[in-house]
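I have placed the structure first, in the form of structure tokens, so that the comments after it can refer back to it.
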Amino acid sequence: MASKLRYPLPWRIKPCSPTNRSLLFDRSHLHLLLLLLLASLVLSSASQHAHEFCSIGDDSGCGSSSTKLLIKGGTVVNAHHKEVADVYVEDGIIASIGPNIVVGDEVNIIDATGKYVMPGGIDPHTHLEMDFMETATIDDFFTGQAAALAGGTTMHIDFVIPINGDLSAGFESYVSKAKKSVMDYGFHMAITKWDEAVSKDMEVMVKEHGINSFKFFMAYKGALMINDELLLHGLERCKSLGALAMVHAENGDAVAEGQKRMIDLGITGPEGHALSRPPILEAEATARAIRLAGFVNTPLYVVHVMSIDAMEEIAKAKKSGQRVIGEPVVSGLVLDDSWLWHPDFTTAAKYVMSPPIRKAGHGEVLKAALSAGILQLVGTDHCTFNSTQKALGFDDFRKIPNGVNGIEERMHLIWDTMVETGLISVTDYVRITSTECARIFNIYPQKGAILEGSDADLIILNPNASFRVTSASHHSRSDTNVYEGRTGKGKVEVTISRGRVVWEDDTLKVTPGLGRYIKMKPFSYLFDGIEKADAAYLASLSAPVQRSRASS
Ligand code: URP
Ligand code: ZN
Ligand code: ZN
């Protein structure tokens with residue numbers, strides 16, 4: 001990869017030494033040995049950028065490993081309720097919530113008066129260290145997660161891409177990539193070919209590896225794209241396993257035609273990307289996937305809903321009672337496609353993603369749909385390439401790696417554009433950035449809630465402070481940011497990951513290897529009653545009709 005990795009402000013990330021005694025002394029020796037081994041692997045892989053971080057073992061800012069923490073006087077927000085209360089955390093778990101909790105001297109106390117205490121964000125859609133379009137995304141499970149924590153996201157679900165269609169090989173490769181994790185994460189898995197081995201492996205992924213969702217790409221012809229026959233097999237298999245089928249909904253054959261049309265017209269720049277794959281192709285695939293899921297009677301999750309056209313297909317299906325989840329992403333909500341016409345290639349190319357960012361107006365309608373519950377949760381599709389990587393497509397937009405950043409910006413931008421503007425309430429904010437994701441992927445209330453017994457993944461947001469996005473100050477490895485220069489109200493001042501303060505005073509204190517893989521069980525609430533609808537369908541057939549042979 002030709003990209004240059006950089007951190008203009010090296011002190012912004014402090015990878016704490018995994019040998020930190022205060023952190024590890026209460027763990028078993030075996031655990032300690034494993035962590036040391038892991039740390040040496042992680043740190044040796046990070047050594048190529050050693051100059052980018054504080055010196056390893058610098059414990060000065062890393063002492064936030066107190067197992068006891070009291071957050072005092074904030075407004076505690078859940079998806080359905082908010083109240084002024086204290087939150088007491090012990091050993092990474094929320095131990096109690098209530099007024100005026102009294103604690104001993106050994107407890108680390110944070111004053112949250114006048115601020116919101118909320119469940120950390122859960123990003124349902126990321127691509128860290130993904131091999132894609134002749135390169136690989138530049139944020140890995142260390143930098144991508146560090147960026148997430150700095151922006152108030154404490155868990156994400158990444159897409160495992162099979163290797164030559166092989167699910168187990170893909171899974172092993174992602175297990176290895178994720179060893180440097182600094183926060184909790186889960187996996188979805190893409191299905192890119194179909195045979196008996198894939199069908200069997202899907203069961204292994206669900207039953208042994210805690211994957212409860214599979215993604216089908218209806219676009220990226222010649223690479224990840226699947227056809228309707230495969231999609232039908234996949235939907236049936238998902239249903240039988242209680243796994244959620246997800247689709248990237250664009251008509252890949254038509255996109256390939258649209259691309260050829262643009263090239264024939266001499267349109268080779270980034271604007272050709274938007275022109276080659278208009279909303280109608282997203283709507284067509286969305287409608288097709290919805291109808292096939294309806295035919296199979298299994299729930300469907302449509303990722304990165306970018307257009308009014310696709311959203312309306314989801315709204316129609318929901319009105320008819322079908323279980324369809326629509327996920328808009330931040331870029332589709334707050335950006336418009338005018339950037340793709342920018343005369344500077346580097347500027348224009350950074351906005352290339354699929355489905356494309358749409359014309360002004362789509363974002364506003366998608367936000368309204370989100371506030372009305374037609375769309376249910378917000379992701380990022382964080383899939384970051386730097387300007388050197390984007391330049392692979394300088395002469396041909398088809399070769400520009402598709403993807404934009406967002407994992408660090410999502411929580412701030414949704415607060416600013418939806419809560420600050422009065423579109424949604426603070427409780428709705430928690431619902432669409434955290435709780436709904438936890439429910440859909442069956443990890444609620446371990447995640448997505450401030451309840452006794454839940455993981456202490458928390459943020460403290462100051463509604464009176466402001467944020468500013470710049471590539472010079474962000475934590476992604478990319479040299480560009482599609483939200484460059486944006487400012488707004490509401491700032492995540494503290495992020496707590498399983499009871500550890502990992503972001504405070506604009507400083508990250510993270511430990512590679514402490515992120516935990518969260519297994520997700522099948523048969524979420526979306527599957528409740530599916531069998532009853534199947535029974536009703538069978539009962540409605542009035543078939544087979546018993547006939548006697550016609551007499552001659
Ligand atoms: O442009 C995008 N969305 N890149 C990531 C891969 C995908 O389609 O989700
Ligand atoms: Zn996609
Ligand atoms: Zn994606």
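The numbers here are math on the coordinates, done by the rules we state, and not lab data. As the structure is a computational prediction, the values presented were derived from the model and not from experiment. Here the Cβ positions follow ideal geometry from the backbone for every residue, glycine too, while neighbour counts run over all protein chains shown.
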Quiz prompt | Selection from region 370-382 of residues that are in contact (Cβ under 8 Å) with a residue 60 or more places away in the chain and either farther than 18 Å from Tyr351 by Cβ or surrounded by fewer than 22 Cβ atoms within 10 Å (Cβ to Cβ) (or both) | solution = Leu370, Ile374, Leu375, Gln376, Leu377
Quiz item: So which pairs qualify, if the first residue must be in region 328-352 and closer than 26 Å to Met418 by Cβ, the second must be aromatic (Phe, Trp, Tyr) and in a helix (DSSP H, G or I), the Cβ gap must be under 6 Å, and the two must be at least 6 apart or on different chains?
Solution: Tyr351/Trp339
Quiz prompt | Top-ranked residue of region 376-393 - restricted to ones that are more than 16 Å from ligand 2 (Cβ to nearest atom) and part of a loop (DSSP other than H, G, I, E, B), ranked as farthest from Ala147 (Cα to Cα) | solution = Gln376
Quiz prompt | Output for region 275-304, where each listed residue is within 14 Å of ligand 1 (Cβ to nearest atom) and on the phi > 0 side of the Ramachandran plot | solution = His304
Quiz prompt | Residues that are surrounded by 15 or more Cβ atoms within 10 Å (Cβ to Cβ) and hydroxyl-bearing (Ser, Thr, Tyr), drawn from region 518-552 | solution = Ser524
Quiz item: Would region 341-354 turn up any residue that is crowded, with 19+ Cβ neighbours inside 10 Å, part of a helix (DSSP H, G or I) and within 16 Å of ligand 2 (Cβ to nearest atom)?
Solution: no
Quiz item: Would it be correct to say that Gly269 is farther than 30 Å from Pro522 by Cβ, touching a residue at least 40 places away in the same chain (Cβ under 8 Å) and part of a loop (DSSP other than H, G, I, E, B)?
Solution: yes
Quiz item: Which ones in region 445-478 are out of contact with any Pro (no Cβ under 9 Å at 6 or more places or on another chain), buried (at least 18 other Cβ atoms within 10 Å of the Cβ) and basic (Lys, Arg)?
Solution: Arg477
Quiz item: Just wondering, is there one or more residues in region 331-340 that are in a helix (DSSP H, G or I), away from ligand 1 (no atom under 16 Å from the Cβ), out of contact with any Asp or Glu (no Cβ under 6 Å at 6 or more places or on another chain) and acidic (Asp, Glu)?
Solution: no
Exercise. Scan (1) out of contact with any Ser or Thr (no Cβ under 6 Å at 6 or more places or on another chain); (2) of a type outside the set (D, E, K, R); (3) within 16 Å of ligand 2 (Cβ to nearest atom) for the single condition Ile357 breaks and write down its number.
Key: (1)
Quiz item: Can you tell me which residues in region 460-488 are assigned to a strand (DSSP E or B), within 12 Å of Glu409 (Cα to Cα) and not β-branched (Val, Ile, Thr)?
Solution: Phe467, Arg468, Gly488
Quiz item: Has region 213-227 got at least one residue that is touching a residue at least 12 places away in the same chain (Cβ under 8 Å), away from ligand 1 (no atom under 16 Å from the Cβ) and not basic (Lys, Arg)?
Solution: no
Quiz item: Does Ser320 fit the bill of being surrounded by fewer than 17 Cβ atoms within 10 Å (Cβ to Cβ), more than 24 Å from Ser425 (Cβ to Cβ) and either within 16 Å of ligand 2 (Cβ to nearest atom) or not basic (Lys, Arg) (or both)?
Solution: yes
Self-check item: Which numbered condition Glu250 fails, given (1) among the charged types (D, E, K, R); (2) in a helix (DSSP H, G or I); (3) within 16 Å of ligand 1 (Cβ to nearest atom)
Solution: (2)
Practice problem: Taking Phe132 as meeting all but one of (1) out of contact with any strand residue (DSSP E or B) (no Cβ under 7 Å at 6 or more places or on another chain); (2) among the aromatic types (Phe, Trp, Tyr); (3) away from ligand 3 (no atom under 16 Å from the Cβ), write down the number of the exception. | Solution: (3)
Quiz prompt | Scan of region 394-422 for residues that are closer than 17 Å to Ala150 by Cα and assigned to a loop (DSSP other than H, G, I, E, B), ordered by number | solution = Asn405, Gly406, Ile407, Glu408, Glu409
Exercise. Could you pull out every one of the strands (runs of 3 or more DSSP E) wholly within region 85-139 that has 1 or more residues that are surrounded by 17 or more Cβ atoms within 10 Å (Cβ to Cβ), within 16 Å of ligand 1 (Cβ to nearest atom) and at negative phi?
Key: 121-126
Quiz item: Just for region 213-267: of the residues that are of a type in the set (Lys, Arg) and closer than 21 Å to Pro299 by Cβ, which one is nearest to ligand 3 (Cβ to nearest atom)?
Solution: Lys215
Self-check item: Qualifying residue in region 489-496 (condition: over 24 Å from Val404 (Cα atoms) and part of a helix (DSSP H, G or I))
Solution: no
Practice problem: Please name all residue pairs, on different chains or six or more residues apart, with Cβ atoms under 7 Å, provided the first residue is in region 121-135 and is farther than 21 Å from Ser176 by Cβ and the second residue is within 9 Å of ligand 3 (Cβ to nearest atom) and of a type in the set (A, V, I, L, M). | Solution: His125/Val303; His125/Val329
Practice problem: Tally the residues that are more than 17 Å from the chain's Cα centre (by Cα) and either more than 16 Å from ligand 2 (Cβ to nearest atom) or closer than 24 Å to Gly326 by Cα (or both), restricting the search to region 399-414. | Solution: 1
Quiz item: If you go through region 305-330 one residue at a time, how many are within 16 Å of ligand 1 (Cβ to nearest atom) and touching a Lys or Arg at 6+ places or on another chain (Cβ under 9 Å)?
Solution: 6
Practice problem: Restricting attention to region 136-166, report how many residues are of a type in the set (D, E, K, R), free of Cβ contacts under 8 Å to residues at least 40 places away in the same chain and out of contact with any strand residue (DSSP E or B) (no Cβ under 8 Å at 6 or more places or on another chain). | Solution: 1
Quiz item: Quick check: is even one residue across region 277-288 more than 16 Å from ligand 2 (Cβ to nearest atom) and in a helix (DSSP H, G or I)?
Solution: yes
Quiz item: Considering only residues of region 289-305 that are within 12 Å of ligand 2 (Cβ to nearest atom) and part of a loop (DSSP other than H, G, I, E, B), which is farthest from Arg358 (Cα to Cα)?
Solution: Val303
